[in-house]
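Notes to accompany the following structure.
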């Protein structure tokens, strides 16, 4: 079956632009996660949804970052007024259970801010 | 605090060589432990896992044993292949939650 998909795969933005990154989780997965992976580093947690509810956004680095999952399936991570330090790969993952075990990851969106 | 320490890469091996990638963790209690693999241009894939102490996870010839005494989960493979070239991440869920703590990753390059 289809895995987690993300779009776009690559995004180049000028500093100050707003960007929107999309995640399509595996159908029926209750939980959805966003991670940020800087070059040469492991992924770092950004935010977590259980269905449409955003239960944890403690990892979002600033109020320029906003995520939503309005119908409990597709999610969008929005970054306003992008800065160079926002350049990273943004990973989305989903999980079928509310008690979490394995997370299934998408291929990521590589964001480059010039 | 919670953390994962992996051996630094890159690790370069010849085909059929033995592989060890060290991973140690600092955590409260005894969380499940995971190894994820990231092939070039792809997302992270679960390679193997262990849910309690002394468990051995295995997949595709890779193995790792959950050692609570040494808080380690080292990844091993007896004979690597060129297709194993990837970045390997050790991880666990922080305090039994959904927040995975990842190591920095170890890049493996296998030469034919």
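The values are calculated or read from the model by the stated rules, or taken from the named source; none is laboratory data. Predicted model, so just to flag it, every value in this text is computed and none were measured. Methodologically, a virtual Cβ is constructed for each residue, glycine included, from the backbone with ideal geometry; neighbour enumeration extends over all protein chains shown.
Are any residues in the range B:27-54 at pLDDT 95 or above and farther than 16 Å from residue B:100 by Cβ, and if so, which ones?
Once the filter is applied, which keeps residues that are at pLDDT 95 or above and farther than 16 Å from residue B:100 by Cβ, the range B:27-54 yields nothing.
How many residues, within the range B:59-71, are touching a strand residue (DSSP E or B) at 6+ places or on another chain (Cβ under 8 Å), more than 26 Å from residue A:33 (Cβ to Cβ) and outside any loop (DSSP other than H, G, I, E, B)? Before you say what the answer is, go through the steps one by one.
Going residue by residue through the range B:59-71, those that are touching a strand residue (DSSP E or B) at 6+ places or on another chain (Cβ under 8 Å) are B:59-66, B:70-71.
After this cut, where a residue has to be more than 26 Å from residue A:33 (Cβ to Cβ) as well, the list is B:61, B:63, B:65, B:70.
Still in the running and outside any loop (DSSP other than H, G, I, E, B): B:63, B:65.
The total comes to 2.
What residue, of A:91, A:46, A:77, is facing chain B (nearest Cβ under 9 Å) and either modelled with pLDDT under 95 or assigned to a strand (DSSP E or B) (or both)?
A:91
Looking at the range B:86-112, which of its residues are assigned to a strand (DSSP E or B) and surrounded by fewer than 19 Cβ atoms within 10 Å (Cβ to Cβ)? Give the steps one after another, and end with the answer.
Residues of the range B:86-112 that are assigned to a strand (DSSP E or B), as a first pass: B:86-93, B:100-102, B:106-111.
Once the filter is applied, which keeps residues that are assigned to a strand (DSSP E or B) and surrounded by fewer than 19 Cβ atoms within 10 Å (Cβ to Cβ), the range B:86-112 yields B:107, B:109, B:111.
Name the residue that is nearest to the other protein chains (Cβ to nearest Cβ), counting only residues in the range B:72-85 that are in a loop (DSSP other than H, G, I, E, B) and closer than 25 Å to residue B:28 by Cα.
Step one: of the range B:72-85, the residues in a loop (DSSP other than H, G, I, E, B) are B:73-74, B:78-81, B:85.
Those left that are additionally closer than 25 Å to residue B:28 by Cα: B:73-74.
Details: B:73: 14, B:74: 17 Å.
The qualifying residue nearest to the other protein chains (Cβ to nearest Cβ) is B:73.
Select from the range B:23-58 the residues that are within 12 Å of chain A (Cβ to nearest Cβ) and over 19 Å from residue B:93 (Cβ atoms) and write down the one among them that is nearest to the chain's Cα centre (by Cα).
B:39
So, in the range A:95-114, of the ones that are in a strand (DSSP E or B) and within 11 Å of chain B (Cβ to nearest Cβ), which residue ends up farthest from residue A:9 (Cα to Cα)? Step through it out loud before you land on a result.
Taking the range A:95-114 and keeping what is in a strand (DSSP E or B), we get A:95, A:104-105, A:109-113.
Filter once more, keeping what is within 11 Å of chain B (Cβ to nearest Cβ): A:95, A:104-105, A:109-110.
Details: A:95: 21, A:104: 17, A:105: 14, A:109: 4, A:110: 6 Å.
Ranking the qualifying residues of the range A:95-114, first place goes to A:95.
Does the range B:31-38 include one or more residues that are over 16 Å from residue B:80 (Cα atoms) and touching a helix residue (DSSP H, G or I) at 6+ places or on another chain (Cβ under 7 Å)?
yes
Mind listing whichever residues of the range A:9-36 are under 17 Å from residue A:107 (Cα atoms), more than 14 Å from chain B (Cβ to nearest Cβ) and outside any strand (DSSP E or B)?
Correct list: A:27 only.
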